[in-house]
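Asks: Attaching a single structure in structure tokens format; questions to follow.
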Amino acid sequence: MKPLAELTCYELLNVEQWASAKEIQRAYHVGLATYGPDSIAAHNVVVEEERTRMRQQLYLAYRTLMDSGSRARYDHSLSHDNESAPKTTEFVEAKPKTRIKGPRSFRGPNLKRHREALGISLERISSETKIKASHFEAIEAEDIEALPGPFFLRGFLKAYASCLGLDPDEVVKGFLESIS
């Protein structure tokens, strides 16, 4: 078996190169379930640090393959079959067009659990969005006093949701309803 760093996005998700978006999404969810924090399957076999790294790699592969432009560039790089072909971790520039299934309710703690299950840090979201991590901490903690005003809160929630592959409008609506 190849080391994790040498797997292609397709090998990581265990799908063929011609897999449909639905097949990729299904494979991604199976991978998350397999390596999730509550997974019995990997609990005694893989340490938590490795499971977190695997979830991060799965997420990057998913993002790469779900965006048609990113996937085309990736496929092109693989077709050259050379040592300089990009690895999974190099493809993070595209946001998925197909939203992944998220938590049932968009309360702060549920959003936090979803983010952690994906293996995404608040620092990474902060870096991508240019919004202070403390704002996202307040959202996850539902710290009403620390939350920004309604206009900014909506924007922060949308940015947060996009980074997690969730529908921004659903997250805003659900979160605001939960704290009202």
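Asks: Which GluC sites (Glu not before Pro) in region 106-180 pass both tests, a DSSP loop state and at most 11 other beta-carbon atoms within 10 Å? Could you put the intermediate results ahead of the total?
Replies: Details: sites: Glu116, Glu123, Glu128, Glu137, Glu140, Glu142, Glu145, Glu170, Glu177; in loops: Glu142, Glu145.
Sparse-neighbourhood loop GluC sites (Glu not before Pro): Glu145.
Asks: Can you classify region 100-176 as rounded, prolate or oblate using the Cα gyration tensor, where a ≥ b ≥ c are the square roots of its eigenvalues, rounded means a/c under 1.5, and otherwise it's prolate if a/b beats b/c and oblate if not?
Replies: On the way: a/c = 1.36, a/b = 1.12, b/c = 1.22.
Rounded shape, in that the Cα axes give a/c under 1.5.
Asks: Quick one: accessible area per residue over region 112-180, 1.4 Å probe, rounded to a whole number of Å²? Walk me through the intermediate numbers first.
Replies: Working: 3510 Å² over 69 residues.
Solvent-accessible surface per residue comes out at 51 Å².
The values are calculated or read from the model by the stated rules, or taken from the named source; none is laboratory data. If you're wondering where the values come from, they're calculated on a predicted model, not measured in any experiment. When we count neighbours, we look across all protein chains shown, and the Cβ atoms used for this are built from the backbone with ideal geometry, even at glycine. Ligands, DNA and RNA are excluded from the accessible area calculation, which covers all protein heavy atoms including side chains. Shrake-Rupley method; radii C 1.70, N 1.55, O 1.52, S 1.80 Å.
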